[in-house]
Amino acid sequence: MEFSNIIQQRRSVKSYAPEKEITDAELAELFQEVILTPSSFNLQHWMFIAVKSPENKKKLKEAAWNQQQVEDCSVALLVCGKLDAYKDAAEIYKNAPQQVQDNVVPMINNFYEGKEQLQRDEAIRSASLAAMTLMYAAKNRGWATGPMIGFDPEAASKLLKLPENYIPVMLIVMGYQKDEPRSRDGRRSIEEVVKLDSIDGPGLKA
Ligand SMILES: Cc1cc2nc3c(=O)[nH]c(=O)nc-3n(C[C@H](O)[C@H](O)[C@H](O)COP(=O)(O)O)c2cc1C
């Protein structure tokens, strides 16, 4: 599908055909694209928990205000962010030229160590970018998705056994769309959301 069509046709889908399954091979193909998402210093702060079993989808639904799409989707993906991803720098850069390793690894450490707010911001930033890649890559393959923040993060973390250094960033349900979503409405115009030169500058005209 042409990329512009993917962007225009992607919707947040809430209604899924429960009988449709997704194979691990299909998921793996999709994630080969997702892992190409950019991240600061290439630290790849993301982790995805792919929940496919009916039992865990049902439990996750209960932790998500009983939103039915969590049970009916083919896979519910908890997109997580790694708070201490900066500690992986040496491993990530191990095949880089020695000079690059010697410069970049201490630089990354200095940049993040002791800065909890920044670590959290980066985890959320990277995981969110990956989430968007995931939704577009899924759409390109004929899968519908729905991003969700309507869940109890502590209950989801406990259910899916997240350790302390991972935070749930959002849940993405994915599957075969059953009903058409409502027509798109309430989008703010580019004139409202794009300002030229400074925020008090004129809005960009279409
Ligand atoms: C971070 C995030 C969290 C969301 N949480 C929920 C949710 O818990 N339940 C839900 O039905 N929709 C949720 N949505 C979907 C939004 O309502 C939807 O993206 C928005 O209305 C725009 O619709 P569209 O994506 O179809 O263009 C969420 C979207 C985002 C990006």
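None of the figures in this text is laboratory data; all of them are computed from the coordinates on show. Remember, it's a predicted structure, so these values are computed and weren't measured experimentally. Here the Cβ is made from the backbone with ideal geometry for all residues, glycine too, and neighbour counts use every protein chain on show.
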*asked:* As a test of the formula, what do you get for the chain when each DSSP H run with n ≥ 4 contributes -39,500 (n - 2.57) and the sum is divided by the residue count, at 222 nm and rounded to the nearest 500 deg cm²/dmol?
replied: -12000 deg cm²/dmol
*Compute the Cα gyration tensor for the stretch 1-55, then decide on rounded, prolate or oblate, letting a ≥ b ≥ c be the square roots of its eigenvalues: rounded whenever a/c is under 1.5, prolate when a/b is larger than b/c in the other cases, and oblate in all that remain.*
oblate
*Which helices, counted as full DSSP H runs in the chain, have an axial Cα extent of no less than 24 Å and a Kyte-Doolittle average of 0.0 or above?*
none
_I want the local charge near I108. Using Cβ-Cβ distances under 14 Å, sum +1 for each Lys or Arg and -1 for each Asp or Glu among the other residues._
-2
*P(r) weight above 26 Å for the stretch 3-193, C-alpha pairs, percent*: 38
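For the chain, with only Lys/Arg (+1) and Asp/Glu (-1) charged at the beta-carbon, what is the dipole magnitude about the Cα centre, in debye rounded to 20?
Numbers: 26 positive and 29 negative charges, 98 e Å.
Using Cβ point charges on Lys, Arg, Asp and Glu, the chain gives about 460 debye.
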*Evaluate the relative contact order of the chain (contact order divided by residue number), counting alpha-carbon pairs under 8 angstrom at least 6 apart; express in whole percent.*
31
